[in-house]
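Below: one structure, written as structure tokens.
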Amino acid sequence: MMQEPHLWHLARGYRFAGVVSGLRNEPNRRDVAVIISDTPATTVGMFTRNQICAAPVRVCRERLPSSQIRAVVVCSGNANACTGAQGLADAHRMTALVAQELGCQPEQVLVASTGVIGRLLPMPLLEAAIPQAVQSATASVEALRHAAQAILTTDTGIKVATRQGPHWTITGFAKGAAMIGPNMATMLAFILTDAHLSINDLQQTLHNAVEHSFHCISVEGHTSTNDTVLLLANGSGPRLQGVDLATYQEAVTSVCLELARKIARDAEGAEHFITIDVEGCRNDAEARCIAKTIADSPLVKTAIFGHDPNWGRIVSAAGYAGVEFTEANLSLWLGDMLLYRAGTPCPFDPPTASAYLKHNRDIHIRLRFDLGPGKCTFYTCDLTTEYVRLNAEYTT
């Protein structure tokens, strides 16, 4: 469910804008966003694990962690990936344009991009749009909406999640709909807070949040070149510690999980949102490995798209995940239907199981092992003919 904009909580001290540069070559399509912190923000980030990474990712890695970040500039429609020395120079130029307007150093500005790989940025468009975005930025729900729109590519709608605590507010927004695989996805996410944390506490907060959210979604398992998650904290109050810090960290994880689920729900062409619960493994890492393998299986995903309760595809995917177990260790449920118990198939009504897949957008798969306390919840979608069409025609 989309949180109604009038219920969004805006972290104090941030301004937003989303403007039309012409980069997308679509009338009135916002494609450049800025996030401005009125005071220097302590900032950490996590990025793609793809060895081929976009120029903006390289710039952010060079500048983080930092306690002096003033802004983030984002463009959509062009990934600025695999663009060599010119792409890196263009990414630096984008940050310099923001810094010039704010009167800060370019190193205090971060950059992100998303879109088609291997094309140079049309910099004259950005040279005009970025100053306009900075000058028009405001601390309002409408401005946040415009920024959230400007970072989208094939998404069908904006993705915003917010939380509020006794002394802090968290405002998060993201994009992502395809080329989604753990570690992370072709996704951008920006988590803004007015809390006061040390860099170490902020880094731990982000790492834990991402591990339980953006690293637990997959559309087709493809790790992008541009994945970026940034967490900014510009608070000037007392530093969060103890119980207050733990409560805040849980809230950041909650925001990231809400955004991650929205990405999986919005997957290109998807007709089903699939939750995979794996429990009873030796540890959480084994559970995650099994869940990810099932989530990435084309045969599992196409069976669900076709409303085919072919549960053998699920257990066989678990079997090649690289986790040691025997058939007797495993039981499987589809929704409330027990299909496989301790290595033995259970009688079930195939038409009923097929109807469950046909008439429910939200599908629940549960695997239970008897090996230990390890568990993981993973999110994915079905693989549809519309997904194939969209990605077959992406640049043509």
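The values are calculated or read from the model by the stated rules, or taken from the named source; none is laboratory data. Predicted model, so just to flag it, every value in this text is computed and none were measured. Cβ placement follows ideal geometry from the backbone for every residue including glycine, while neighbour counts extend to all protein chains displayed. We work out accessible area using only protein heavy atoms, side chains counted, and drop any ligands, DNA or RNA first. Shrake-Rupley method; radii C 1.70, N 1.55, O 1.52, S 1.80 Å.
Per-structure values
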{"read-out": "Student exercise, the chain dipole from Lys, Arg, Asp, Glu Cβ charges, in Debye to nearest 20", "value": "440 debye"}
{"read-out": "Rounded to the nearest 20 debye, dipole of region 242-396 from Cβ charges on Lys, Arg, Asp, Glu", "value": "160 debye"}
{"read-out": "Computed lengthening from Ala342 to Val243, 0.36 nm per intervening residue step minus Cα-Cα distance", "value": "31.5 nm"}
{"read-out": "Cleavage-rule hits (trypsin sites (Lys or Arg not before Pro)) in region 195-265: DSSP loop, at most 13 neighbouring Cβ within 10 angstrom", "value": "Arg239"}
{"read-out": "At least 30 Å along the helix axis (C-alpha) and Kyte average at least -0.5, DSSP helices within the chain", "value": "242-265"}
{"read-out": "FRET efficiency, Ala328 to Thr156 (Cβ-Cβ, R0 45 Å, nearest 0.05)", "value": "0.55"}
{"read-out": "Charge dipole (region 83-168, unit charges on Cβ, about Cα centre) - positive-most of Ala99, Ala133, Thr162", "value": "Thr162"}
{"read-out": "Percent carbon-and-sulfur accessible area, the chain, ignoring ligands, DNA and RNA, probe 1.4 Å", "value": "51 percent"}
{"read-out": "Rounded if a/c under 1.5, otherwise prolate or oblate - region 15-102, Cα gyration tensor axes", "value": "oblate"}
{"read-out": "Per residue accessible area in Å² of region 1-137, where ligands, DNA and RNA are left out and the probe is 1.4 Å", "value": "42 Å²"}
{"read-out": "Calculated FRET value between Glu62 and Ser198, using beta carbons and R₀ = 25 Å, to 0.05", "value": "0.75"}
{"read-out": "The chain: relative contact order as a whole-number percent, Cα under 8 Å and 6+ apart", "value": "17 percent"}
{"read-out": "Among Thr253, Ala267, Pro56 the positive-end extreme of the charge dipole of the chain (Cβ point charges)", "value": "Pro56"}
{"read-out": "Label of the coordinate-derived value, percent of Cα pairs over 34 Å apart, listed as [x] 56; [y] 35; [z] 31", "value": "[z]"}
